[in-house]
Amino acid sequence: MDPVCLVMGAGAGIGGSVGKRFAQGGYHAVLCRRSDDQGLQRLVQDIEAEGGAASGFLLNAAEENSIEERIDAVEKEIGPIEVAVFNLGAQIGDRHLADTSYKAFELGWRLATFALFRFASAIMPRMEARGHGTLLVTSPTAAVRGNAGQHSHAAAMGGRRMLCQSLNAEFGPKGIHVANILIDGAVDAPDTLGKLLGPEEFQELRRTRGLENDGLILPERVAETYFHIAGQHRSTWTHELDLRSFSDRPWWNH
């Protein structure tokens, strides 16, 4: 039985690329995303065409018990989850305080922070019982720097980062590796940045900064980092790191 890598938020960018990389490394990739079943099944088929093992499920993380039931089903029907990747976004757009409703603010928290809490609550006891496991969490720049128009996003992602630190403090000594990966820059991903900017503006950004310019973060290169972290010896675990293009200023120099 192959070890299982569960990816929550397996879109066409970082999440899908991480799933592919772990499948290439001998894991059964379990890919969960909120919508676009056709795209999800294409991703599964691409992995299988390369000789890997994968399963895909649509999942709305905001729904009660959706995360918990999926984790339970994976453990029973596919195998023990050795690596859990939490890659859910929670971007509601650039909004002034007056334009951010209570409902919108709370949705950011539910997706960015509460969903991770639920994810960890369902999976960490299983990893603890086995004495090992890895939880990899994706965070944006908003987790370390709040900007105007990002009230919901920054508050929620800052909470995500602190939750990772608390999980590490509790479960690291028990042999479970928790790492927070900060994506500090624009990602060359059509279903995240592409949707936010629109197709024309996204393609122009790729033309001027991406492609051979290497000015956009490439999801397949990010996936290599996730795979490396999951294989680290516990004497040298990484608990937090940030990734950005060579041409971008880091968040702490802005």
Cβ-defined net charge surrounding residue 110, 15 Å radius [Lys, Arg +1; Asp, Glu -1]: 0
Relative contact order (%) - criterion: Cα under 8 Å, at least six apart; region: the chain: 19
Furthest towards positive pole of dipole, 247, 165, 223, structure part region 128-254, Cβ charges: 165
Whole-number percent relative contact order across region 119-171, with pairs defined as alpha carbons under 8 Å at least 6 apart: 30
Exposed-site-free run, longest, the chain (rule: GluC sites (Glu not before Pro); DSSP loop; at most 12 other C-beta within 10 Å): 65-254
Percent of Cα-Cα distances greater than 23 Å, calculated over region 1-150: 38
Magnitude of the charge dipole, region 95-227, Cβ model with Lys/Arg +1 and Asp/Glu -1, debye to 20: 560
Kirkwood-type radius of region 111-212, with distances r between different C-alpha atoms, in Å: 15.4
Point-charge dipole on Cβ atoms (K/R +1, D/E -1) for the chain, about Cα centre, debye to 20: 560
Normalised contact order of region 139-254, rounded percent, pairs of Cα under 8 Å and 6 or more residues apart: 29
Per-selection Rg to Rh, the chain - Cα, Kirkwood hydrodynamic radius: 0.95
Rotationally averaged projected area of region 16-55 (alpha carbon convex hull; nm²): 2.3
Mean-position separation - Cα centroids, region 178-254 and region 9-46, in angstrom: 17
Globularity index of region 72-122, i.e. its alpha-carbon radius of gyration over 2.2 N^0.38 Å: 1.55
Among the listed pairs 20/76; 20/103; 103/195, those beyond 30 Å (Cα-Cα): 20/103
Debye intensity ratio in log₁₀ form over the Cα atoms of region 64-172, taken at each q of 0.12, 0.13, 0.18 Å⁻¹: -0.45, -0.52, -0.87
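Rule-based calculations on the coordinates, nothing more; no lab input. Since the structure is predicted, the reported quantities are computational estimates derived from the model, not experimental observations. Cβ: placed from backbone, ideal geometry, glycine included. Neighbour counts: every protein chain shown.
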